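A quick write-up on the structure given underneath.
Read-outs: derived from the displayed coordinates by stated rules, not from any lab. Just so it is clear, the model here is predicted, and its values are computed rather than measured. When we count neighbours, we look across all protein chains shown, and the Cβ atoms used for this are built from the backbone with ideal geometry, even at glycine.
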Amino acid sequence: MDVGGEALTGELRVRALELPDAGLSFSDTRVRCGTIELSAAVIACRDAAVTLALPESARQTVPGEFVYERATGEFRFDVRSLVLAGGAARVRGTANTGALHVALSATALDLEALAPLAAPFAPQLAALGPSGAADLEVTLDTQGGALSGLAVTGALRGASASNEAGTLVAAGANGSFALRAERHGGHWALAAELAADGGEAYVEPVYANLAQAPVSASLAGEASADFSAFALTSLALRQGDALAVAGNLDVRLPPGPESAPLVSGTLRVEHASVEALYSGVLQVLAAGTLLGNLDTAGDVSGSVRLVDGAVAALDVFLDDVWLDDRDGRLSVAGLDGELHWPGAAGTPGDAPVTTLSWQAASAYSIPLGATSFRARLGGDDLELLAPMRIPLLGGGLRIERLSVTDFGTENAAGLVDAVLEPVQLGQLAAAFGWPAFSGTLSGRLPLLRYDGGVMTLGGSLTARAFDGDVEIANFRLEEPFGLVPKLAADLRLRKLDLELVTNTFSFGFIQGRLSGDVTGLQLVGWRPVAMDLHLYTPPDDDSRKRISQRAVENLASVGGGGAAGALSSGFMQFFEVFAYDEIGLRCVLENGVCTMSGAGPAGRDEQGGGYYIVRGRGLPRIDVVGYRSQVSWARLVAQLASIMETGGPVVR
């Protein structure tokens, strides 16, 4: 102290100042007083110059004021114009016996630079690696050297943060927040509010674009002394008019930085737009599946119960929901009802009945009419409670029994007992963009099974088409919902009306009947890789058999053989239609190549030996002979496609 001048001056030097509870220490701190006030009431330094080094900061000298009240023993301090984490700050407070109150006001703080300073108070927050800017108001209270209260309010600009596991992420967020914590014995009472209107945020599994849909949230509850566990008795989240959620949660933060929080409790969705719920939560979970790329509409409400982060029970109420797959695989319009799932540990008997209905739907371009069904869900199982009928292509699919077990797992299995009421093949062809043809498809699907990724049919499916019979047997479909489905089956065609067939596919006019067998059919990714295809005139066919010039030319181009040339010269060119005795064509497909044969061997000529595709009859007689014994399947398909498109062959 200097007592020689007109005023009392002095300097206080503190070699080391430690705040053990906060883990902070300051070395060589100096307070120089231009005027020291000594009176019966106070000891004061009102024009102080404070030189200090804040943690993670360079030494600086800033103005301040210090006052000691003699009567109360209270000490007041005020330090202004501090440079803190790239921003400006002011620290004020009071101290008396056993108690300390500190208030910090700061603007334009760099969150990355602020993180090391916050680590002693909130290590979990500091571990998020924040960046961006913030304005802060912080008050801190201690009793007996221990923290007893904390209040933080502020505004964020362009804030970003994430944990190591990627389950908590913020990017470019703008908003405001408030947090209050008070110690009561061995726990903390908590209250917090948040409002954000810019940037993005992801809190697994919820994603929000805050600029498009501002979010507000509030919570109240308790936390453990070390902030590793939280009991949030009141929780509310609102996203504009699209989403309103309330509930209660218990949250435990594992010690490992890469471990995800364990969340238990109940959330009630009081109202949600399906579009907001899908884009913010469900689309992330459904990525890569059939439901991963949808346009959505409608409203939903309900509740979800969580145990250690897993869904333990789910109740959903749907109101005029629309789902439309952008890839055209699935659509549902006017979906209403309620869905109840008692969790993975539950059984179908543990939950209320699930009831759903829709006005219209489609699956892989096949339109499905309005229907409803009643079922019970439990664990990974589903059981249909009453038969249901789905209007389909002028007929319908009547499902009398349906059960699914271990849905969504590698052990998924299912059983369907259904009847296919006659559906119009013309409507089916139109749905797939095929040429129109007549006939119906019907039959019983006894015990259609799905087990271990394989779908099998416990019987044959029969159909009437082109005034003939079609039968599908030995059906087996592996990984039907995978990227590369594999199908195996045998087909029988009996006495199809060739006039109906050829008119439908613009092949050229042929009268008569046609039978066929496709054995050992194998499709991989819906493309044939193996089969024995044999088409032939039925031995007992006594119908009128006629074939046109164009049909002769098309059949000749497929077999790469004779007859086509003879039609373009000589007297044969004057005949439009010829009689025939039989038609035969066979393709044994293996390794992308068809081994070809027909209705029997033909005599040798200038092109060599061949096989009859059409064996003529009467005068003028025309025989179609094939000479290609092996044909590329890809080339054969391209040849047939060209014939269908142009009505005539293209010889390559």
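Annotations
- Unit charges at the beta carbon, dipole of the chain: most positive-side option, Ile472, Val501, Leu237: Val501
- Each pair of Cα atoms in region 1-103 enters the Kirkwood radius, and Stokes-Einstein at 37 °C and 0.692 mPa s then converts it into a translational diffusion coefficient of 223 µm²/s.
- This model, with +1 at the C-beta of Lys and Arg and -1 at the C-beta of Asp and Glu, gives the chain a dipole about its Cα centre of some 1820 debye.
- Note on region 17-56: Cα convex hull, mean projected area over all directions, 4.1 nm².
- Burial order of peptide ranges 272-283, 361-372 (average beta-carbon count within 10 Å, highest first): 272-283, 361-372
- Each peptide in 449-457, 32-40, 464-472 was scored by the mean count of other Cβ atoms within 10 Å over its residues; highest first, the order is 464-472, 449-457, 32-40.
- 45 Å tail of the calculated P(r), the chain, as % of Cα pairs: 50
- Relative contact order (%) - criterion: Cα under 8 Å, at least six apart; region: the chain: 4
- Potential lengthening between Ala386 and Ala246 on full extension [0.36 nm per residue; Cα-Cα distance subtracted]: 46.9 nm
- Selection from Ser259, Ala208, Ala272 lying farthest towards where the dipole of region 187-304 points positive, charges on Cβ: Ser259
- Each principal axis of the Cα atoms in region 152-235 has its own extent, and those three values, largest first, are 42, 26, 19 angstrom.
- P(r) tail fraction, region 229-380 - alpha-carbon pairs more than 28 Å apart, %: 26
- Near-label residues of region 152-168 by backbone N, under 14 Å of a point 7 Å along Cα→Cβ of Ala178: 152-155
- In terms of overall dimensions, the C-alpha atoms belonging to region 48-133 reach 47, 27, 18 Å along their principal axes, ordered largest to smallest.
- A straight chain from Ser216 to Asp542 at 0.36 nm per residue would run longer than the Cα-Cα distance by 109.3 nm.
- Computed FRET value (nearest 0.05) for Val311 with Leu290, which takes r as the C-beta separation and R₀ as 25 Å: 0.80
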